[in-house]
Amino acid sequence: MQIISLNVGLPQEVSWKGRTVSTGIFKSPVEERIEMRILNLNGDAQADLTVHGGVEKAVYAYPSEHYPYWQQQLPEADLPWGAFGENLTTTGLLEPEVNIGDRFRIGTTEVMVTQPRFPCFKLNLKFNRDDMLKRFLGSGLSGIYFSVIKEGDIGVGDTFTLTHRDEHNVTVSDVVKIYRHEADLAAVRKAIAVPALAADLRQRFQQQLPD
């Protein structure tokens, strides 16, 4: 498990459907080592903090293994690393194999898995397609959000070393299925019991349970 591209970007204003939108989804690779802080990476920021960023969405990783799927689905698209707005383009870190609550050491940092990514309309904006958000959610190829447990620095080539495996065994892919209402109530209850699960998802999933 390794970082193969490290991508950052500050919010910028773009035109979308006749209005001006501020977004931080546009990321560019950097070669130097950079600081990872509690809320983000140095040189990176989110535009709308009501739905993006925060402690539970400090850093976003997307597996390089998903890129061939998207290149097949979107043959006309240019897909450099960072195309999905990820901070870390990775190899070997896949959603069905990673638990919510798992902790990893990367460089001099330590991070914890909190949730999958469920994007907003800005993914449509990024790809200039009205169906991209629907396609992304339907694919199940969500990527992984981390909170930062220990600040430090990271760089391309750094490996992910598992320091704690969450004992609840609820994977990132399991959470995607619950979000899409494709899981039974036992799975929902199991996910809600994971302390590391992002608070907004816990609240959302509790609404799936009978009164």
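The spacing between region 145-211 and region 60-76, judged by their C-alpha centroids, is 22 Å.
Along the Cα-to-Cβ line of Asn128, 7 Å from the Cα, sits a label point; which residues in region 72-115 have backbone N less than 16 Å from it? Within reach of a label on Asn128: 74-80.
Here region 5-115 has an Rg and Dmax of 14.7, 44 Å, counting Cα atoms alone.
Restriction of the trypsin sites (Lys or Arg not before Pro) in region 13-104 to DSSP coil positions whose beta-carbon has at most 15 other beta-carbons within 10 angstrom yields Lys17, Arg37. Loop-located trypsin sites (Lys or Arg not before Pro) in region 136-195 (DSSP state other than H, G, I, E, B) with a sparse environment of at most 16 neighbouring Cβ atoms within 10 Å: Arg165, Arg180.
Using the C-alpha gyration tensor of region 2-205, what are the square roots of 5 times its eigenvalues, in whole angstrom, with the largest one first?
24, 21, 16
Pairs of alpha carbons in region 109-203 separated by more than 15 Å make up 67% of all such pairs.
Since every read-out is calculated from the coordinates, none of them should be taken as a lab result. Nothing here was measured: the structure is a model prediction, and the numbers come from that model. Note: ideal-geometry Cβ built from the backbone for every residue, glycine included; neighbour counts use all protein chains shown.
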